[in-house]
Amino acid sequence: MKQTQLVGRAWLWIGLAVLSLLPFWIPQWQLDVKVSNFFYHPACSPAGWLLDCHPVYRFLFYSMIPVISWGIVILGLLVLFWRPQTLHYQRLRVRIAYFVLVFILGSGLVVNGIFKSNWGRPRPVQTQDFGGIHTYAPPGKLVLGNEGRSFPSGHSSVGFTFLALWFVWRRARPHWAFWGLGAGLLLGYAVGLARISVGAHYLSDVIGSGWMMALVAWLVYYPIMQMPKREQAWQEAEALNKPL
């Protein structure tokens, strides 16, 4: 893909992400507050959030996220020391490396390191709508001098890492690619729902996290690792029936 096409498509991703978050900036709609209010039940628990009444769901989509994260990191460490000899396993190694790099750059650097740590958006539990002291801030708005860590959702980004499977399989196994895309969306939003249900994030935080992870997966696939060129080389090597 040419450089101008890469830049154009990157801006397309960013534009779509911005458009998807614009409705949350309309004060009259109060989309974020209405969604979070659906899970706010003071009679349910001392904290007042629905997730506290469902420990199994909390375990699956909150407590297990650090386990999944460490699993991806360990997978990445194994790739560093794995030196496969056959073309099949060389390809597998590169694809695993791509997946791990999406996780490190997307969830680790972009979502948690750059945005979440510095953006200052108050969490729902910190706002006046749900017993806090801060006012609601729209998604993407920089709130200086505030220690809020609502935008975007860090836990959801771990689930959205699996969107990378769409890029891994889209050329060789299109049917698998759709399953990978579905798995990434399902896991990302399931984790996001858990975070909304405990008052830690708004719906727009989860949507923003998903867009960021999708953009990083696209950037790593094309300009950073140049995976299409690698796949073309694999196909040529297979045609010649010899290793790279």
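From the list 93, 83, the one residue that fits, being touching a residue at least 12 places away in the same chain (Cβ under 8 Å) and charged (D, E, K, R), is 93. Per this entry, residue 150 is counted among residues that are among the small types (Gly, Ala, Ser), crowded, with 18+ Cβ neighbours inside 10 Å and touching a Pro at 6+ places or on another chain (Cβ under 7 Å). Screening residue 141 with (1) open to solvent by 40 Å² or more (accessible area, probe 1.4 Å); (2) assigned to a helix (DSSP H, G or I); (3) among the charged types (D, E, K, R) gives one miss only, at (2).
Could you list, in sequence order, all residues of region 61-73 that are of a type in the set (A, V, I, L, M, F, W, C) and surrounded by 11 or more Cβ atoms within 10 Å (Cβ to Cβ)? So that I can check it myself, show each step before the final result.
Of the residues in region 61-73, the ones of a type in the set (A, V, I, L, M, F, W, C) are 61, 64-65, 67-68, 70, 72-73.
Listed by number, the residues that qualify are 61, 64, 65, 68, 72, 73.
The one condition from (1) under 14 Å from residue 103 (Cβ atoms); (2) modelled with pLDDT of 95 or more that residue 167 does not meet is (2).
Within region 121-136, the set of residues being open to solvent by 10 Å² or more (accessible area, probe 1.4 Å) and either among the β-branched types (Val, Ile, Thr) or in a loop (DSSP other than H, G, I, E, B) (or both) comprises 123, 125, 131, 132, 133, 135, 136.
Among the candidates 182, 208, 199, which residue alone is part of a helix (DSSP H, G or I) and either buried (at least 20 other Cβ atoms within 10 Å of the Cβ) or among the aromatic types (Phe, Trp, Tyr) (or both)? Reasoning before the result, please.
Details: 182 fails: either buried (at least 20 other Cβ atoms within 10 Å of the Cβ) or among the aromatic types (Phe, Trp, Tyr) (or both); 199 fails: part of a helix (DSSP H, G or I).
Just one listed residue meets the conditions, 208.
When residues in region 211-223 are screened for being touching a Gly at 6+ places or on another chain (Cβ under 7 Å) and open to solvent by 10 Å² or more (accessible area, probe 1.4 Å), 2 of them pass. Remark: pairs (first residue in region 134-150, more than 21 Å from residue 15 (Cα to Cα); second residue buried (at least 17 other Cβ atoms within 10 Å of the Cβ) and β-branched (Val, Ile, Thr); Cβ separation under 8 Å; 6+ apart in sequence or on different chains) = 134/127; 135/127; 136/33; 136/127.
Those residues that are hydrophobic (A, V, I, L, M, F, W, C) and either under 16 Å from residue 225 (Cβ atoms) or touching a residue at least 60 places away in the same chain (Cβ under 8 Å) (or both), I need them from region 152-168; list them, please. Even if it seems obvious, please write down each step before you answer.
Residues of region 152-168 hydrophobic (A, V, I, L, M, F, W, C): 158, 160, 162-168.
Scanning region 152-168 gives 158, 163, 164, 165, 166, 167, 168.
Every condition in (1) of a type outside the set (S, T, N, Q); (2) surrounded by fewer than 18 Cβ atoms within 10 Å (Cβ to Cβ); (3) touching a residue at least 12 places away in the same chain (Cβ under 8 Å); (4) closer than 30 Å to residue 2 by Cβ is met by residue 236 except one, and the failing one is (3).
Filtering region 169-205 to residues that are among the aliphatic types (A, V, I, L, M) and either over 27 Å from residue 227 (Cβ atoms) or touching a His at 6+ places or on another chain (Cβ under 7 Å) (or both) leaves 190, 191, 193, 194, 196, 198, 200, 203.
Count of region 82-113 residues, restricted to those that are open to solvent by less than 30 Å² (accessible area, probe 1.4 Å), outside any helix (DSSP H, G or I) and hydrophobic (A, V, I, L, M, F, W, C), is 0.
The values are calculated or read from the model by the stated rules, or taken from the named source; none is laboratory data. Here the structure is a predicted model, which is why all the values come from computation and not from measurement. Positions of Cβ are generated from backbone atoms using ideal geometry, with glycine treated the same way; all protein chains shown enter the neighbour counts. Please note that ligands, DNA and RNA were not included when accessible areas were found on the heavy atoms of the full protein model with its side chains. Shrake-Rupley method; radii C 1.70, N 1.55, O 1.52, S 1.80 Å.
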